[in-house]
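Below is one structure, written out as C-alpha cells; the observations come after it.
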Amino acid sequence: MQVTIHAAKTNLSKLIDAALSGEEVVIAKGHKPVVKIIPIAQSSFKIGLLKGQVAGNGPDFFEPMDESDLAAWEGIE
C-alpha cells in the first residue's frame, strides 16, 4: 500500500494497524516513495525461564561471609 503524506496524517492509526498485520505501508511525497512503516519486533520477558533446569543449591546471600571472603571483598587480603 502506498499513500501520500496527507493521507498518512489523516489515517495514521489505520496505517499502523495495517503494518502490524504484515502489510507493507509506504508513504510517498507526491508519487515518490520516501518512507516505509514497519513494526518493531516485540520480545517477551519470561520470569522463571530456567525454573526446574538448574540443579543444586545456590549460595545463601543472607548468611554472613567468612573472614577470608570478606577480606577479599573489601580488598584487605
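Tabulated data
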{"quantity": "Distance histogram in 10 Å bins (all Cα pairs of the chain, percent per bin)", "calculated": "15, 22, 12, 11, 10, 15, 13, 1"}
{"quantity": "Accessible-area order (highest first, 1.4 angstrom probe) of the listed residues Thr4, Thr10", "calculated": "Thr10, Thr4"}
{"quantity": "Virtual spin-label span in nm between Met1 and Lys29, 7 Å along Cα→Cβ", "calculated": "2.3"}
{"quantity": "Length added when fully stretched, Ile16-Met65, from 0.36 nm per residue minus Cα-Cα", "calculated": "12.1 nm"}
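The values are calculated or read from the model by the stated rules, or taken from the named source; none is laboratory data. What you see is a predicted model; the values in this text were computed from it and never measured. Reconstructed Cβ throughout: ideal geometry from the backbone, glycine too, with neighbour counts over all protein chains shown. Just the protein is used for accessible areas: all its heavy atoms, side chains included, with ligands, DNA and RNA removed. Shrake-Rupley method; radii C 1.70, N 1.55, O 1.52, S 1.80 Å.
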